[in-house]
Amino acid sequence: MIEIKTLASGSKGNCYYITDGSTPLLLECGIPFKSVRKSLNFQTSNLSGCLVTHEHKDHCAGLNDVLKAGINTYMSKGTQEALGIDHHRIKPVEAKKQFEIGTWTILPFDVEHDVNEPYGFLIANKNGEKILFATDTYYIRYKFKGLTHLLIECNYSMDILNENIENGRTHKGMKKRLIKSHFSLENVKEFLKANDLSKVQEIHLLHLSDSNSNEEQFKREIQELTGKVVYTA
């Protein structure tokens, strides 16, 4: 039985906790580790690893303390180089090459973001449950079978963004960066339509923009499209 907890999501910091009852993991460490410990009732000594998607601070600001806590942290070689950290607990992994942490088998895959070598992760356990974790990407080129849980970025809506630019609430220069680095509601819908959702139990929409999103609208539209349980983080 998979348990998912959002500890933080958004431009101020991202961190998620998952467990299949045997192997607890962190996805991202973009908040202070003391906040992670508090959120998990100080039960962090059993954390088996941390997956980091890329080098932006809102995804890895707490990395040094995670390493000090003795938690192995997995990322691309490009992310490690961009961070400039050499530590025995950092484990570089390659896109499309599986590795294992406890009861999880993890497959990193490349995504589209304005950084060195960003990854998403397909995380599967021995019971046949599969989590897709993808954030900070404007597009996912792959299709996935047998997913049971999705943690996926849904940062902005093109309609809300255009309206905010028109009203002067968002600088028009932001548009170019957003559409080349973050997942829009419209693109998330296309991605969901292209994939097999027959086994999906729940969808978590992550990293919603403070100004260019609408939590209720996003949740409603994805629920209507998929017929699945949807959470927003």
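Do we have any residue at all in segment 125-142 that's over 15 Å from the mean Cα position of the chain (by Cα) and part of a strand (DSSP E or B)?
Within segment 125-142, one or more residues are over 15 Å from the mean Cα position of the chain (by Cα) and part of a strand (DSSP E or B).
Scanning segment 198-212 for residues that are surrounded by fewer than 20 Cβ atoms within 10 Å (Cβ to Cβ), in contact with a Gly (Cβ under 8 Å, 6 or more places away or on another chain) and within 25 Å of Ser181 (Cβ to Cβ) turns up just one, Asp210. Residues in segment 3-31 that are within 15 Å of Thr44 (Cα to Cα) and either among the small types (Gly, Ala, Ser) or out of contact with any Phe, Trp or Tyr (no Cβ under 9 Å at 6 or more places or on another chain) (or both): Cys15, Tyr17, Thr19, Gly21, Ser22, Cys29, Ile31. Tallying residues that are of a type in the set (Val, Ile, Thr) and modelled with pLDDT of 90 or more within segment 169-220 yields 3.
So that you can scan it fast, the table gives a plain yes or no per residue for (1) surrounded by fewer than 18 Cβ atoms within 10 Å (Cβ to Cβ); (2) farther than 26 Å from Glu3 by Cα:
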{"residue": "Val36", "(1), (2)": "no, no"}
{"residue": "Asn41", "(1), (2)": "yes, no"}
{"residue": "Ser45", "(1), (2)": "yes, no"}
{"residue": "Cys50", "(1), (2)": "no, no"}
{"residue": "Thr53", "(1), (2)": "no, no"}
{"residue": "His59", "(1), (2)": "no, no"}
{"residue": "Gly62", "(1), (2)": "no, no"}
{"residue": "Thr79", "(1), (2)": "no, yes"}
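When we screen Val115, Val66 for residues that are of a type in the set (Val, Ile, Thr) and under 21 Å from Glu3 (Cβ atoms), the only hit is Val66.
If I go through segment 75-113 residue by residue, how many of them are part of a strand (DSSP E or B) and either free of Cβ contacts under 8 Å to residues at least 12 places away in the same chain or aliphatic (A, V, I, L, M) (or both)?
Selection size over segment 75-113: 6.
Taking every residue in segment 39-56 that is in contact (Cβ under 8 Å) with a residue 12 or more places away in the chain and closer than 11 Å to Thr79 by Cα and pairing it with any residue that is surrounded by 16 or more Cβ atoms within 10 Å (Cβ to Cβ) and of a type in the set (Gly, Ala, Ser), at least 6 positions away or on another chain, the pairs with Cβ-Cβ distances below 6 Å are Glu55/Ala82. Within segment 57-74, the only residue that satisfies the criterion of being in contact with a helix residue (DSSP H, G or I) (Cβ under 6 Å, 6 or more places away or on another chain) and either among the charged types (D, E, K, R) or without any contact (Cβ under 8 Å) to a residue 24 or more places away in the chain (or both) is Asp65.
Would you confirm whether any residue within segment 213-225 is out of contact with any Gly (no Cβ under 8 Å at 6 or more places or on another chain), closer than 14 Å to Gly10 by Cα and among the hydroxyl-bearing types (Ser, Thr, Tyr)? Looking through segment 213-225, at least one residue is out of contact with any Gly (no Cβ under 8 Å at 6 or more places or on another chain), closer than 14 Å to Gly10 by Cα and among the hydroxyl-bearing types (Ser, Thr, Tyr). Regarding segment 203-224, can at least one residue be identified that is more than 14 Å from Asn155 (Cβ to Cβ), out of contact with any helix residue (DSSP H, G or I) (no Cβ under 8 Å at 6 or more places or on another chain) and in a loop (DSSP other than H, G, I, E, B)? There is no residue in segment 203-224 that is more than 14 Å from Asn155 (Cβ to Cβ), out of contact with any helix residue (DSSP H, G or I) (no Cβ under 8 Å at 6 or more places or on another chain) and in a loop (DSSP other than H, G, I, E, B).
The values are calculated or read from the model by the stated rules, or taken from the named source; none is laboratory data. This structure is a prediction, so every number in the text was calculated from the model and none was measured. Cβ sites come from the backbone with ideal geometry, for glycine too, and all protein chains shown count toward neighbours.
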